[in-house]
């Protein structure tokens with residue numbers, strides 16, 4: 001259980017520190033002087049990237065719980 005928690009925390013921390021711009025977005029945003037726009041674009045890209053992974057994780061967990069329930073017919 002402790003290993004699962006540490007793996008989860010590592011994933012969350014590394015996920016928040018990631019830089020998720022494509023090359024074109026980075027080139028356009030780095031040429032400007034306003035770096036807060038670049039940070040906003042990074043946060044938006046990371047958020048949009050996180051939602052599908054969370055949905056797959058929740059669906060996988062629900063399926064796992066459904067198939068690993070003890071039989072109540074005994």
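The values are calculated or read from the model by the stated rules, or taken from the named source; none is laboratory data. Everything numeric here is computed off the predicted structure, so don't read it as measured data. Because the Cβ atoms are built from the backbone with ideal geometry, glycine has one as well, and the counts that use them run over all protein chains shown.
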Checklist entry - Based on what the data block shows, is residue 15 surrounded by 10 or more Cβ atoms within 10 Å (Cβ to Cβ), part of a helix (DSSP H, G or I) and modelled with pLDDT of 75 or more? => result no
Item to check | Inter-residue pairs, beta-carbon under 8 Å, first within 18 Å of residue 12 (Cα to Cα) and in the stretch 36-51, second modelled with pLDDT under 85 and surrounded by 16 or more Cβ atoms within 10 Å (Cβ to Cβ), 6+ apart | outcome: 42/20; 42/21; 45/20; 45/21; 46/20; 49/20
